[in-house]
Amino acid sequence: MRIAIASDHAATDLKAELRDWLIEQGHDVADLGPEPGESVDYPDYGYKLAEVVADGTAERGVALCGSGIGISMAVNRNPAVRCALVGEPLSAALSREHNDANVIAMGARLTGSDMAKACITAFLQTEFAGANDPESRHQRRVDKLNTQGS
């Protein structure tokens, strides 16, 4: 699977570890930055990640910052992206199963690397429950996310 990963300066170490681990798992990973030691603004990297998921360059995304909150807000500004802030595998799986999330966000100051890997595994292995049933309650709800406010 093609996965994009981005962070702010608070999460570059976790990003590098997760990037290398995802590559070891056989995924094609695009590291969108930043490099360690740079002080950056999380919206810039959240927007960059959202763009490559929205345009199909990446199938899924992993967004990281200190808490996961700021970058998830930035990613969710793109209407083609559904980013879920998660801290354990059940939330990661449910974000896919019920909400068709295409990006997950985590906080490097709150989530250790083993837990982050467990979340990513659950996220990548879970299918959207409405994928084969356009009339399902899950698809109906995701459709409402895509049309509300337009």
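The values are calculated or read from the model by the stated rules, or taken from the named source; none is laboratory data. The structure displayed is predicted, hence computed values, not measured ones. No Cβ is skipped: glycine too gets one built from the backbone with ideal geometry, and neighbour counts run over all protein chains shown.
For region 123-142, which residues satisfy the criterion of being modelled with pLDDT under 95, part of a helix (DSSP H, G or I) and surrounded by 13 or more Cβ atoms within 10 Å (Cβ to Cβ)? Listed by number, the residues that qualify are HIS138, GLN139, ARG141, VAL142.
Quick one: which residue in ALA58, ALA63, ALA84, ALA93 is touching a strand residue (DSSP E or B) at 6+ places or on another chain (Cβ under 6 Å) and either closer than 23 Å to PRO134 by Cα or at pLDDT below 95 (or both)?
Values: ALA58 fails: either closer than 23 Å to PRO134 by Cα or at pLDDT below 95 (or both); ALA63 fails: either closer than 23 Å to PRO134 by Cα or at pLDDT below 95 (or both); ALA93 fails: touching a strand residue (DSSP E or B) at 6+ places or on another chain (Cβ under 6 Å).
Checking each option against the conditions leaves just ALA84.
Listed conditions (1) touching a helix residue (DSSP H, G or I) at 6+ places or on another chain (Cβ under 8 Å); (2) in a loop (DSSP other than H, G, I, E, B) are all met by TYR47, apart from (2).
If I ask for residues that are charged (D, E, K, R) and within 25 Å of ARG140 (Cβ to Cβ), which ones from region 72-117 would you list? Break it down stepwise before answering.
Filtering region 72-117 for residues charged (D, E, K, R) gives 77, 82, 88, 96-97, 100, 109, 114, 117.
Listed by number, the residues that qualify are ARG77, ARG82, ARG96, GLU97, ASP100.
When region 14-33 is limited to residues that are of a type in the set (A, V, I, L, M, F, W, C) and not in a helix (DSSP H, G or I), the one that is nearest to GLU127 (Cα to Cα) turns out to be VAL29. With respect to (1) surrounded by 19 or more Cβ atoms within 10 Å (Cβ to Cβ); (2) touching a residue at least 24 places away in the same chain (Cβ under 8 Å); (3) part of a loop (DSSP other than H, G, I, E, B), the lone exception for ALA11 is condition (3). Scanning region 77-122 for residues that are part of a strand (DSSP E or B), under 10 Å from the mean Cα position of the chain (by Cα) and touching a residue at least 40 places away in the same chain (Cβ under 8 Å) gives VAL103, ILE104, ALA105, MET106.
Condition check for SER67 on (1) within 20 Å of GLY46 (Cα to Cα); (2) surrounded by fewer than 17 Cβ atoms within 10 Å (Cβ to Cβ): one failure, at (2). Among residues belonging to region 40-64 that are in contact (Cβ under 8 Å) with a residue 40 or more places away in the chain and of a type in the set (D, E, K, R), point out the one that is surrounded by the most Cβ atoms within 10 Å (Cβ to Cβ). Here the residue is ARG60.
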